[in-house]
Amino acid sequence: MAVVVLLLGFPFALLVLLFTIGNVYRRARVGAIFSHIWATTYCFLFGLRIESEGTPPPRGSFAVCNHISHFDVLIIARMFPTSLVSKKEIRKWPVIGFMAAAVGTVFVDRGDRDKTAGTVAQLSGYLREGATISLFPEGQTGEGDRVLPFKRSLFAVPADLGLPTHPMALVYKYPATAWADDTPFVVHMFRQLGRPTHRLKIIFGEPIPAGMERKPLAFEAQARVEQLFERAHWD
């Protein structure tokens, strides 16, 4: 069923792409709404039972979160309409890569610092046009037992625009949900489909006020996410 929903989502993602040709900022806004609806359906099919605390970021926000599983993308898109930042390798994945691009996902080449300025400019444009951005600053998934060090380059976006940064934290009840090894995405996804339910918590923290420089902001954001992560832990 999950594969069917994925394939049914393809033509709608194509419509978003066609409707927004020539305007990547409109694509970000429209694509975020589509992703929100699509992710809500997927979360139901995967049996994701989400407990939330706090208030999700408002429209036009820059939000950051720890990264544990490929479910993270679905959960955040389910909680509020947002454009996501992803590693460039995702763009090459069959179907999923096209759909991600069609709804306005920003792809980052973390191995090429020369492209960072272009990514910062694109994200800044999204935010100026009222889109919301969600970022996984760890740059990879972890084992779900701690928050990994944040990569700092993209914190230039809220720092330069004078915007607050909204910290979020995810924690899963079952460690097996983490995607921390070299298991292919499709294999991991189908393993998770074998579970009837997945329990998780997401906590939205208070925004970090604008006015900090990029590096101090990145360190403060990591500290805030770590605090939320510890609060979210299961007993």
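The values are calculated or read from the model by the stated rules, or taken from the named source; none is laboratory data. In this text, all values refer to a predicted model and were calculated from it rather than measured experimentally. When we count neighbours, we look across all protein chains shown, and the Cβ atoms used for this are built from the backbone with ideal geometry, even at glycine.
A few points about this structure:
- Some residue of the range 32-40 being part of a loop (DSSP other than H, G, I, E, B) and either exposed (fewer than 14 other Cβ atoms within 10 Å of the Cβ) or in contact with a helix residue (DSSP H, G or I) (Cβ under 9 Å, 6 or more places away or on another chain) (or both): no
- Residue check, PHE136 within 23 Å of ARG191 (Cβ to Cβ), modelled with pLDDT of 95 or more and of a type in the set (A, V, I, L, M, F, W, C): yes
- Pair list, Cβ < 9 Å and 6+ apart or interchain, from the range 147-158 residues that are aromatic (Phe, Trp, Tyr) to residues that are assigned to a loop (DSSP other than H, G, I, E, B) and surrounded by fewer than 22 Cβ atoms within 10 Å (Cβ to Cβ): PHE150/GLU138; PHE150/GLY139; PHE155/MET212; PHE155/GLU213
So that you can scan it fast, the table gives a plain yes or no per residue for (1) within 20 Å of VAL187 (Cβ to Cβ); (2) of a type in the set (Gly, Ala, Ser); (3) touching a Cys at 6+ places or on another chain (Cβ under 9 Å):
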{"residue": "VAL30", "(1), (2), (3)": "no, no, no"}
{"residue": "GLY47", "(1), (2), (3)": "yes, yes, no"}
{"residue": "PRO56", "(1), (2), (3)": "no, no, no"}
{"residue": "ILE68", "(1), (2), (3)": "yes, no, no"}
{"residue": "LYS88", "(1), (2), (3)": "no, no, no"}
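Per-residue answers, yes or no, for (1) touching a strand residue (DSSP E or B) at 6+ places or on another chain (Cβ under 7 Å); (2) closer than 18 Å to GLU129 by Cβ:
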site: THR20; (1), (2): no, yes
site: GLY31; (1), (2): yes, yes
site: PHE34; (1), (2): no, yes
site: GLU51; (1), (2): yes, no
site: SER61; (1), (2): yes, yes
site: CYS65; (1), (2): yes, no
site: PHE71; (1), (2): yes, no
site: LEU84; (1), (2): yes, yes
site: MET99; (1), (2): no, no
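- The range 96-124: number of residues that are more than 27 Å from TRP179 (Cα to Cα), loosely packed, with under 14 Cβ neighbours inside 10 Å and not charged (D, E, K, R): 3
Conditions tested, residue by residue: (1) closer than 21 Å to THR105 by Cα; (2) at pLDDT 90 or above; (3) touching a helix residue (DSSP H, G or I) at 6+ places or on another chain (Cβ under 8 Å).
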{"residue": "VAL147", "(1), (2), (3)": "no, yes, yes"}
{"residue": "ALA156", "(1), (2), (3)": "yes, yes, yes"}
{"residue": "LEU161", "(1), (2), (3)": "yes, yes, yes"}
{"residue": "HIS166", "(1), (2), (3)": "yes, yes, no"}
{"residue": "ALA180", "(1), (2), (3)": "no, no, no"}
{"residue": "MET189", "(1), (2), (3)": "yes, no, yes"}
{"residue": "GLY205", "(1), (2), (3)": "no, yes, yes"}
{"residue": "LEU217", "(1), (2), (3)": "no, yes, yes"}
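- From PRO149, PRO94, PRO137, PRO81, residue being within 20 Å of THR40 (Cα to Cα) and in a loop (DSSP other than H, G, I, E, B): PRO81
- Screening the range 191-203 for residues that are at pLDDT 75 or above and surrounded by 12 or more Cβ atoms within 10 Å (Cβ to Cβ) and picking the one that is farthest from PRO164 (Cα to Cα) gives HIS198.
- Taken over the range 211-235, the criterion of being in contact with a Gly (Cβ under 8 Å, 6 or more places away or on another chain) and closer than 25 Å to SER52 by Cβ is satisfied by ARG224, VAL225, GLN227, LEU228.
- The one condition in (1) more than 17 Å from the chain's Cα centre (by Cα); (2) of a type outside the set (A, V, I, L, M, F, W, C); (3) at pLDDT 90 or above that GLY22 fails to fulfil: (3)
- Residue in the range 137-154 that is within 19 Å of ILE76 (Cα to Cα), touching a Cys at 6+ places or on another chain (Cβ under 7 Å) and not basic (Lys, Arg) present: no
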